[in-house]
């Protein structure tokens, strides 16, 4: 998306402080990068909110609530427009796999060959893409979103799953 004046985008994203736990340096760097990249370029249109007359750009608060992803969505005037709850059952495995391959990747960066690092990075991207497509399926009929935005949101979902 090149037109950042569009209303179909997230202009602010916040993670639920009650959910987020301390993360290692690599995970914290991934979180910061995902937030930065997401805010630079994204496509996000909550369909029920827009049908009720709310307009973006949107402010989104992400959290986990009783095993479900909670997206608190506020409109351009910072008024609550809706709360989406997305079942997280199908994400448990991709989140676990993503953390495992990230741990291996960060360890490999310090000591492995370029080929080993490349292989781990390809595995990490494959898990990321698969989980982003699952998120897009869960968003169907609720949120208009592109794959790049879903990938960045998945990174943030992973951060919400870090156990303290």
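For residue 98, all conditions in the list (1) under 22 Å from residue 150 (Cα atoms); (2) not in a helix (DSSP H, G or I) hold save one; what is the number of the exception?
Here residue 98 clears every test but (2).
Can you pull out the residues in the stretch 40-70 that are in contact (Cβ under 8 Å) with a residue 60 or more places away in the chain and part of a strand (DSSP E or B)? Steps first, answer last, please.
We begin by selecting, within the stretch 40-70, every residue in contact (Cβ under 8 Å) with a residue 60 or more places away in the chain; these are 41-48, 62-64, 69.
Result: 44, 45, 46, 62, 63, 64, 69.
For the stretch 140-164, give me each residue that is buried (at least 21 other Cβ atoms within 10 Å of the Cβ) and farther than 17 Å from residue 95 by Cβ.
Once the filter is applied, which keeps residues that are buried (at least 21 other Cβ atoms within 10 Å of the Cβ) and farther than 17 Å from residue 95 by Cβ, the stretch 140-164 yields 143, 145, 149.
For residue 27, indicate whether it is assigned to a strand (DSSP E or B) and in contact (Cβ under 8 Å) with a residue 60 or more places away in the chain.
Details: assigned to a strand (DSSP E or B): no; in contact (Cβ under 8 Å) with a residue 60 or more places away in the chain: yes.
When the stated conditions are applied, residue 27 does not pass them.
Only one of these is closer than 22 Å to residue 15 by Cβ and free of Cβ contacts under 8 Å to residues at least 24 places away in the same chain: 85, 156. Name it.
When all the criteria are applied, what remains is 85.
Among the residues of the stretch 102-127, which ones are surrounded by 13 or more Cβ atoms within 10 Å (Cβ to Cβ), closer than 13 Å to residue 155 by Cα and at pLDDT 85 or above?
124, 127
Considering only residues that are within 16 Å of residue 103 (Cα to Cα) and within 14 Å of the chain's Cα centre (by Cα), which ones fall in the stretch 126-161? Please lay out each step first, then the result.
Just the residues of the stretch 126-161 that are within 16 Å of residue 103 (Cα to Cα), to begin with: 126-128, 155, 158-159, 161.
127, 128, 155, 158, 159, 161, listed by residue number.
Report whether or not residue 31 is under 20 Å from residue 18 (Cα atoms) and in contact with a strand residue (DSSP E or B) (Cβ under 9 Å, 6 or more places away or on another chain).
Working: under 20 Å from residue 18 (Cα atoms): yes; in contact with a strand residue (DSSP E or B) (Cβ under 9 Å, 6 or more places away or on another chain): yes.
For residue 31, the condition - under 20 Å from residue 18 (Cα atoms) and in contact with a strand residue (DSSP E or B) (Cβ under 9 Å, 6 or more places away or on another chain) - is met.
The values are calculated or read from the model by the stated rules, or taken from the named source; none is laboratory data. What you are looking at is a predicted structure, and each value in this text was computed from that prediction instead of being measured. Positions of Cβ are backbone-derived with ideal geometry, glycine not excepted, and every protein chain shown enters the neighbour counts.
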